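As structure tokens, the structure follows; a few thoughts come after it.
The values are calculated or read from the model by the stated rules, or taken from the named source; none is laboratory data. Note that this is a predicted model, so its numbers are computed, not measured. Neighbour counts run over all protein chains shown; Cβ positions are idealised from the backbone, glycine included.
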């Protein structure tokens, strides 16, 4: 317990109104679609089935998402040197070397769970290519128009039989309501499927009468850390966006969503995020959203909203998580410092165990920002936990511990830090660190 | 379980003979002193007492180490911006600004546990200075000849009463056998005191008839990460070394010991390592160990041995640890890559929970080196776990899982990684990640 004389009668004001979003307010043209997902946009169908990658017949393990027509596709992948075979093959089909922007034309994406097809060498690459060929055969497209992704255990060879058995079943099950099944099929240690979708009106942005939709699914859980996560996400849109523009938009959205999530500071071998755009919500032949246009800005905002929604779901469902933790840093000297400070807090096992213990132990937050490399003076630092001022000018602020315990009942634990060194800010999402994290990861293979 | 066809009849040879040390063999002039510690060197006395920083009267919470005469002193401190008041004051007494080499003359060091005196502002600095003055009064030296250190909870004001009450008791208890009590008094969540000492013969290095000793104590546990750790260490030697040379030697030793230990990737506000040298084992007026001399090389070797011994004890006693984990990386393109790869493995919660689960899950080791930023090709990587080859050329090697489980019973889990990219190597020490880590850190303040 903090030994403080008495609750000060004039407590400092919180750093931020807890009801307000951390991001600066702006136009919000997009509306969330309740229950929406990867098939909310026009012209996309999906399915999730049990194909046999997993032993439990109740568990879906193969997801297929198919566009009615070949369409623009952009992707971002893990930067891990030990990248998986499907990451290499998907990059190859988009004509991109490692590190190069990956975009082009595609028709479908096939995802299996249960086996990551990582650290499997030349044989793993052949398996990934064959799975694309098998998918192309049922869909009726070119092999190179199929994106592939895998998630699960590393270092074991992936069997082709479940693809052979499951792909015809999945293809037969494809439907415009299949997004939910697909979202379940890509889960590993996720405890719930993750879907989100928003729509926006084209009337005021040069596309009168058009309603555009962006929707997607994701899986996350452990090994979630910028660049990127054991994270696979498939997003679709019926907006008309060319593939190079699409890649730019996807990179920006990922940097401000999936790359701002950390569960355990580990980075996966398999992280992949695919974005398909078919233009199906616009009349045929209409101009694609141009760089700098209000239409592209509205699309970016919608895409950001979907990615941030999925990212927050991933953090909240981190392995063993009992709470979503949102870390807002303001007052940094520059963006790099803001990101480093927010990441240090979000990655700190000591902060994360304190949240699990419902302990407003701001000393651990101070420790984390202090080691982050961000430039600031401790005499200027301020910290709020759950809207309670706990540190001002680097010093402890007496606070009502009972009130803090009450606030820790909230599903989202917000930590606000003001470094007092400038105007830059950053938000990171993570989860608390519980006994269950250790259980899940100590027993994963057994 | 890894699905492999059969145990290969010609299994690859292990990367390293498990009986051999990771470091290159060299002359080993120093001999360990069983039961030795901070008072093993001539001319130093110490005591540990209960002064009242903690409520439990059974628990020592004040350590005092005193040299019979003023002597050379060097120190290295945390780089955390939120450094504690005693860190600032000790640096001030050695005449060093933050980041400057800290060395000079000192007589004593006083350490309290239970309260870190960090994030306590000007009042905390005054408290630290007053504790130095009170110590100087009982010891009979200048206030500036007293080094101060604190460890415990951050953000609470440190009371002076226990210093006033405890220092006379500690001073009366000072003895050349008091190292063990002092080592107990600096513990926080440590489960056992940490001491080590070695001696070396001066006969062949220009100091005939002299036996020199280096001994010390440390506390570690959570928040242990390079630069540096919730780590306080006091080391003494009766070798004659001038303070600037001493600082150089200490920096080298710390970089290859305490800075190679990680428990949870967090860095403390209070890390301090002090080294005192009084020359008491050499005749009066003898020349101090000169840079480049065999004597200084022997001293450095002895100091490294003490620091590495203490560092390994710290890792093995990490919060909730059940196993010491030693990560050896070889074949890196350069030293920075070797350190980064070793650190990534040692810091990975997924690797650490796998060790806790006795799971030779080398995919997680591959993931960690892959994300580390070290340059290598996955086709060249090799991994052994406990001397069992589990990965060669980036691919899985069939191994006997029962044999692996047997080997996991060892107190030290050795992970060897060869990146196949060059000649540089690095060793890091850590511990596994258990349910108890979460319990200890979720409930720390309650």
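With the condition kept exactly as written, say whether any residue in the stretch A:75-92 is more than 14 Å from chain B (Cβ to nearest Cβ) and surrounded by fewer than 24 Cβ atoms within 10 Å (Cβ to Cβ). Before you say what the answer is, go through the steps one by one.
Of the residues in the stretch A:75-92, the ones more than 14 Å from chain B (Cβ to nearest Cβ) are A:75-76, A:86, A:89-92.
Then drop every residue that is not surrounded by fewer than 24 Cβ atoms within 10 Å (Cβ to Cβ), which leaves A:91-92.
Looking through the stretch A:75-92, at least one residue is more than 14 Å from chain B (Cβ to nearest Cβ) and surrounded by fewer than 24 Cβ atoms within 10 Å (Cβ to Cβ).
For residues in the stretch A:377-387 being crowded, with 21+ Cβ neighbours inside 10 Å and on the phi < 0 side of the Ramachandran plot, which is farthest from the other protein chains (Cβ to nearest Cβ)? Walk me through how you get there before you give the answer.
Looking only at the stretch A:377-387, we keep the residues that are crowded, with 21+ Cβ neighbours inside 10 Å, and these are A:378, A:381-386.
Next, only the ones that are on the phi < 0 side of the Ramachandran plot stay: A:378, A:381-385.
Values: A:378: 5, A:381: 8, A:382: 12, A:383: 10, A:384: 14, A:385: 12 Å.
Residue satisfying both the conditions and the ranking: A:384.
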* Asked: For the stretch A:323-342, what are the residues that are touching a helix residue (DSSP H, G or I) at 6+ places or on another chain (Cβ under 9 Å), surrounded by 24 or more Cβ atoms within 10 Å (Cβ to Cβ) and either assigned to a helix (DSSP H, G or I) or at the interface with chain B (Cβ under 9 Å from one of its Cβ atoms) (or both)?
  -> A:341, A:342
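In the stretch B:355-367, what count of residues is obtained for those that are farther than 17 Å from residue B:389 by Cβ and more than 7 Å from chain A (Cβ to nearest Cβ)?
Step one: filter the stretch B:355-367 for residues farther than 17 Å from residue B:389 by Cβ, giving B:355-358, B:367.
Narrowing further to those that are more than 7 Å from chain A (Cβ to nearest Cβ): B:355, B:358.
Of the residues in that region, 2 qualify.
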* Out of curiosity, is residue B:151 closer than 19 Å to residue B:56 by Cα, out of contact with any strand residue (DSSP E or B) (no Cβ under 8 Å at 6 or more places or on another chain) and outside any helix (DSSP H, G or I)? -> no
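Of the residues A:43, A:36, only one is more than 17 Å from residue A:148 (Cα to Cα), under 19 Å from the mean Cα position of the chain (by Cα) and in the same structural domain as residue A:142 (by TED's automatic domain parsing); which?
On the way: A:43 fails: under 19 Å from the mean Cα position of the chain (by Cα).
After ruling out the rest, the residue left standing is A:36.
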* Asked: Is it true that residue A:238 is crowded, with 24+ Cβ neighbours inside 10 Å and either away from chain B (no Cβ under 14 Å) or free of Cβ contacts under 8 Å to residues at least 12 places away in the same chain (or both)?
  -> yes
* Kindly indicate the residue of the stretch B:119-140 that is touching a helix residue (DSSP H, G or I) at 6+ places or on another chain (Cβ under 7 Å) and over 16 Å from residue B:63 (Cα atoms) and also nearest to the other protein chains (Cβ to nearest Cβ) among those meeting that condition. => B:119
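Give the number of residues within the stretch B:33-59 that are crowded, with 24+ Cβ neighbours inside 10 Å and assigned to a loop (DSSP other than H, G, I, E, B). Can you show your working first?
Taking the stretch B:33-59 and keeping what is crowded, with 24+ Cβ neighbours inside 10 Å, we get B:37-41, B:44, B:46-49, B:51.
Next cut, assigned to a loop (DSSP other than H, G, I, E, B) only: B:37-41, B:51.
Qualifying residue count for the region: 6.
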* **Selection count where residues are under 17 Å from residue A:71 (Cα atoms) and either crowded, with 21+ Cβ neighbours inside 10 Å or within 13 Å of chain B (Cβ to nearest Cβ) (or both), scope the stretch A:99-118** => 7
* **Qualifying residues in the stretch B:241-282 (those that are in a loop (DSSP other than H, G, I, E, B) and at pLDDT 95 or above) - the one surrounded by the most Cβ atoms within 10 Å (Cβ to Cβ)** => B:241
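Restrict the check to the stretch A:372-386 and report whether at least one residue is part of a loop (DSSP other than H, G, I, E, B), within 27 Å of residue B:353 (Cα to Cα) and out of contact with any strand residue (DSSP E or B) (no Cβ under 8 Å at 6 or more places or on another chain). Give the derivation first.
Our first condition is that a residue be part of a loop (DSSP other than H, G, I, E, B); within the stretch A:372-386, this holds for A:372-377, A:381, A:386.
When the remaining residues are screened for being within 27 Å of residue B:353 (Cα to Cα), the result is A:372.
Going one step further and asking which of them are out of contact with any strand residue (DSSP E or B) (no Cβ under 8 Å at 6 or more places or on another chain), we end up with A:372.
Yes, because at least one residue in the stretch A:372-386 is part of a loop (DSSP other than H, G, I, E, B), within 27 Å of residue B:353 (Cα to Cα) and out of contact with any strand residue (DSSP E or B) (no Cβ under 8 Å at 6 or more places or on another chain).
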* To do: Please indicate, with yes or no, whether at least one residue in the stretch B:368-376 is surrounded by fewer than 24 Cβ atoms within 10 Å (Cβ to Cβ), facing chain A (nearest Cβ under 10 Å) and over 21 Å from residue A:433 (Cα atoms).
  => yes
* Of all residues in the stretch B:393-413 being crowded, with 18+ Cβ neighbours inside 10 Å and part of a strand (DSSP E or B), the one that is farthest from the other protein chains (Cβ to nearest Cβ) -> B:413
* Structure fact -> Reported set for the stretch B:208-238 where residues are modelled with pLDDT under 95 and not in a loop (DSSP other than H, G, I, E, B) is B:219, B:232
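Among the residues of the stretch A:419-446 satisfying the criterion of being away from chain B (no Cβ under 14 Å) and either assigned to a strand (DSSP E or B) or at pLDDT below 90 (or both), which is surrounded by the fewest Cβ atoms within 10 Å (Cβ to Cβ)? Show your work before the answer.
First, pick out the residues of the stretch A:419-446 that are away from chain B (no Cβ under 14 Å): A:422-429.
From what's left, either assigned to a strand (DSSP E or B) or at pLDDT below 90 (or both): A:424-429.
Details: A:424: 19, A:425: 21, A:426: 24, A:427: 21, A:428: 26, A:429: 26.
Restricting to residues being away from chain B (no Cβ under 14 Å) and either assigned to a strand (DSSP E or B) or at pLDDT below 90 (or both), the top hit is A:424.
In contact (Cβ under 8 Å) with a residue 40 or more places away in the chain, more than 26 Å from residue B:375 (Cα to Cα), assigned to a loop (DSSP other than H, G, I, E, B) and in the same structural domain as residue A:254 (by TED's automatic domain parsing): is that true of residue A:167 in this structure?
Details: in contact (Cβ under 8 Å) with a residue 40 or more places away in the chain: yes; more than 26 Å from residue B:375 (Cα to Cα): yes; assigned to a loop (DSSP other than H, G, I, E, B): no; in the same structural domain as residue A:254 (by TED's automatic domain parsing): yes.
Judged against the criteria, residue A:167 is not a match.
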* **Filter result for the condition that a residue is within 26 Å of the chain's Cα centre (by Cα), surrounded by fewer than 24 Cβ atoms within 10 Å (Cβ to Cβ), more than 12 Å from chain A (Cβ to nearest Cβ) and in a helix (DSSP H, G or I), over B:305, B:311** => B:305
